[in-house]
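Asker: Pasting in a structure now, in structure tokens, and then I'll have a few things to ask.
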Amino acid sequence: MFDAPYKFYKTGETKRNPFTLSVNLVKTLHYRFDTEKNEYHVDIKCYEHSLYLIEFFLRKDLKSKKEEKYGKLTNERKASGIVRTCFDIMLELLSKDKSASFAFIGSPTYKERQQTESAARTKRFILYRYATINLLGNESFEVFEDEYTSCFLAANKLCDLDLIKQEANAILKSQF
């Protein structure tokens, strides 16, 4: 189902700004990769308790509003390879941090600055759920999801699941 990943590169990291209101943010890791048509950026926000929030977007949308940045369709028809690349980055992080847990928000689709689907159970949410089950598996991760907000958590079973859920809820709520 998933195409081969694209070659990705770590481009740097940003330490937490003490003047931001981000809940327990430690740092942000920056990656990039190229498809045949576009350059993508992947930002991985690293929080306390080894919780990572995955965000990816087109390079040209770096300064765009959140809705346009994460909900845009490119008509490139490469979603499975793009998502696979993000999961390969996650697997690399997991190899370095055995207790890593991952959170996602399946943003609703926007076309020409108009939201074209509900925020509940978005197409991206369904794809991320499928990818998590097939690429991370449920042997090492407990999956928690909120279909109403299209938020998804793959909580590492090596961690205190209640603590990770509580942390993820606070972080994901701060994104809305």
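Quick note: the coordinates plus some simple rules give every number you see, no bench work behind them. Quick caveat: nothing in here was measured; it's all calculated off a predicted structure. Positions of Cβ are generated from backbone atoms using ideal geometry, with glycine treated the same way; all protein chains shown enter the neighbour counts.
Asker: Under 10 Å, Cα contacts only: if you run a Gaussian network model on the chain, which one of I164, I133, I44 comes out with the highest mean-square fluctuation?
Answerer: I133
Asker: While we're looking at this one, here's another question. Which one, K111, K45, K123, has the greatest fluctuation when you compute a Gaussian network model over the chain with C-alpha springs under 10 angstrom?
Answerer: Between K111, K45, K123, it is K111 that shows the largest mean-square fluctuation.
Asker: Label K65 and L161 with points 7 Å out from Cα along Cα→Cβ: what is the distance between them in nm?
Answerer: 3.9
Asker: Same structure, new question: Please check: in the Gaussian network model of the chain (C-alpha springs, under 10 Å), which one of S50, S107, S118 has the largest mean-square fluctuation.
Answerer: Top of the fluctuation ranking is S118.
Asker: Once phi is turned into ³J(HN,Hα) by the Karplus curve 6.51 cos²θ - 1.76 cosθ + 1.60 with θ = phi - 60°, what whole-Hz value does each residue of the stretch 153-169 show in order, with x for glycine and proline?
Answerer: 10, 9, 8, 5, 5, 6, 9, 6, 4, 5, 5, 5, 4, 5, 4, 4, 4
Asker: Mind listing the long-range amide H neighbours of D160? Cut-off is under 5 Å, sequence gap 5 or more, other chains count too, H placed in the peptide plane at 1.01 Å from N.
Answerer: Correct list: empty.
Asker: Out of (i) 1.02; (ii) 1.17; (iii) 0.97, which label holds the value of Cα Rg over 2.2 N^0.38 Å that was computed here?
Answerer: Matching entry in (i) 1.02; (ii) 1.17; (iii) 0.97: (iii).
Asker: Still on this structure, I have one more. Taking a ≥ b ≥ c as the square roots of the eigenvalues of the Cα gyration tensor of the stretch 57-143, is the shape rounded (a/c under 1.5), prolate (a/b larger than b/c) or oblate?
Answerer: Details: a/c = 2.18, a/b = 1.74, b/c = 1.25.
Prolate.
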